Amino acid sequence: MLQARDLSVAYGDKTVLHQVGLRLRPGEILGLIGPNGSGKTSLIRALSGVLRPSSGRVLVGKVDLASLPEAQRARQIAVVPQSAELPSSFTVLQCVALGRTPHLNWLGRPGPADEAKVQAALRAAEIEALADRRTGELSGGEKQRVLLARALAQDCPFLLLDEPTAHLDLHHQVGSLELLRRMVAERKLAVLVAMHDLNLASIYADRLMLLVEGRIRAEGAPAAVLTRETLQTAYQVPLQVRANPKHGSPWVVLERS
């Protein structure tokens with residue numbers, strides 16, 4: 001289990017996360033929602049060890065994340081950032097293979113098992129056809145799928161994703177989320193995914209956490225979090241919440257003023 005206990009994060013004098021508590025369990029997707037500037041990216045960075053908390057702790061099992069060497073953290077937690085610069089001269093295959101770096105021996109040479117992990121990640125992200133392309137030639141959506149494949153090749157029990165569908169068309173948004181559901185079922189991954197689309201979050205997440213101004217305002221099953229009163233207070237827009245006609249899950253509909 002990946003846990004945050006009373007986690008606070010500050011940039012200088014500005015506190016952006018206030019005593020956040022979180023538990024991420026194997027075999028589930030936790031959807032992280034909230035307005036822009038609510039602290040979602042900061043929380044992901046703190047959970048991955050990139051950002052040092054001003055107070056509180058992050059635990060992997062019973063071990064404090066801060067006590068683990070960087071390579072060991074990278075064998076436990078993989079991150080798909082909202083955007084990242086990929087080496088433009090690298091091929092897609094070479095970029096995805098970088099996900100295996102924490103697992104390589106002191107010589108740094110990948111073996112057959114590493115190569116198999118990379119090929120499996122390319123297939124899972126549906127980018128096998130792009131393997132020999134230079135990343136500088138790719139669209140934003142294609143680059144996002146390369147980042148996802150690199151994280152899958154890293155083969156960690158915990159996967160943190162920051163707006164992984166932001167640059168994707170609807171087909172690839174659904175494809176990426178279906179892939180996450182499949183990985184959770186097959187590998188018992190523990191996945192935290194920050195999302196802006198509340199209706200996709202409602203369908204694909206097992207639990208939701210609503211973050212507003214660095215504080216948890218609601219947490220639980222989608223039906224418990226995606227209520228009209230809660231969302232209108234958080235997002236400051238008029239809306240309705242209905243039952244999705246196919247899934248029965250909450251369906252958020254914006255009202256025109």
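List of remarks:
- Top-ranked residue in the stretch 76-97 [being part of a helix (DSSP H, G or I) and over 15 Å from VAL191 (Cα atoms); ranked as nearest to the chain's Cα centre (by Cα)]: VAL96
- Test: residue in the stretch 132-147 that is assigned to a loop (DSSP other than H, G, I, E, B), out of contact with any helix residue (DSSP H, G or I) (no Cβ under 9 Å at 6 or more places or on another chain), on the phi > 0 side of the Ramachandran plot and at pLDDT below 95: no
- Scanning the stretch 34-55 for residues that are in contact with an Asp or Glu (Cβ under 9 Å, 6 or more places away or on another chain) and among the hydrophobic types (A, V, I, L, M, F, W, C) turns up just one, ILE44.
- For the stretch 149-166, the criterion of being in contact (Cβ under 8 Å) with a residue 12 or more places away in the chain, touching an Asp or Glu at 6+ places or on another chain (Cβ under 9 Å), part of a loop (DSSP other than H, G, I, E, B) and closer than 21 Å to ALA185 by Cα is satisfied by at least one residue.
- Given (1) closer than 24 Å to LEU177 by Cβ; (2) touching a helix residue (DSSP H, G or I) at 6+ places or on another chain (Cβ under 8 Å), index of the condition LEU51 fails: (1)
- The stretch 235-249, subset more than 18 Å from PRO35 (Cβ to Cβ) and touching a residue at least 12 places away in the same chain (Cβ under 8 Å), residue nearest to the chain's Cα centre (by Cα): SER249
- Of all the listed residues (MET183, MET209), the sole one being under 19 Å from ARG25 (Cβ atoms) and either at pLDDT below 90 or of a type in the set (Asp, Glu) (or both) is MET183.
- Scanning the stretch 168-197 for residues that are part of a loop (DSSP other than H, G, I, E, B) and either free of Cβ contacts under 8 Å to residues at least 60 places away in the same chain or β-branched (Val, Ile, Thr) (or both) yields LEU168, ASP169, ASP197.
- Count of the stretch 217-234 residues which are under 20 Å from SER8 (Cβ atoms) and surrounded by fewer than 19 Cβ atoms within 10 Å (Cβ to Cβ): 2
- Scanning the stretch 48-96 for residues that are β-branched (Val, Ile, Thr) and free of Cβ contacts under 8 Å to residues at least 12 places away in the same chain gives a single hit, VAL63.
- Being more than 13 Å from the chain's Cα centre (by Cα) and not β-branched (Val, Ile, Thr) is not true of ARG45.
- Condition check for ALA218: in a helix (DSSP H, G or I) and hydrophobic (A, V, I, L, M, F, W, C): no
Every residue, every condition in (1) closer than 29 Å to ALA218 by Cβ; (2) among the β-branched types (Val, Ile, Thr); (3) surrounded by fewer than 13 Cβ atoms within 10 Å (Cβ to Cβ); (4) touching a helix residue (DSSP H, G or I) at 6+ places or on another chain (Cβ under 7 Å), yes or no:
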| site | (1), (2), (3), (4) |
| --- | --- |
| TYR11 | yes, no, yes, no |
| VAL20 | yes, yes, no, yes |
| LYS40 | yes, no, no, no |
| PHE90 | no, no, no, yes |
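- Residues in the stretch 235-257 that are touching a helix residue (DSSP H, G or I) at 6+ places or on another chain (Cβ under 8 Å) and either surrounded by fewer than 16 Cβ atoms within 10 Å (Cβ to Cβ) or over 19 Å from GLY31 (Cβ atoms) (or both): PRO238, LEU239, GLN240, ASN244, HIS247.
- Summed over the stretch 81-117, residues that are at pLDDT 90 or above and under 12 Å from VAL146 (Cα atoms) total 10.
The values are calculated or read from the model by the stated rules, or taken from the named source; none is laboratory data. Note that the coordinates shown come from a computational prediction; the quantities given were computed from them, not determined experimentally. Reconstructed Cβ throughout: ideal geometry from the backbone, glycine too, with neighbour counts over all protein chains shown.
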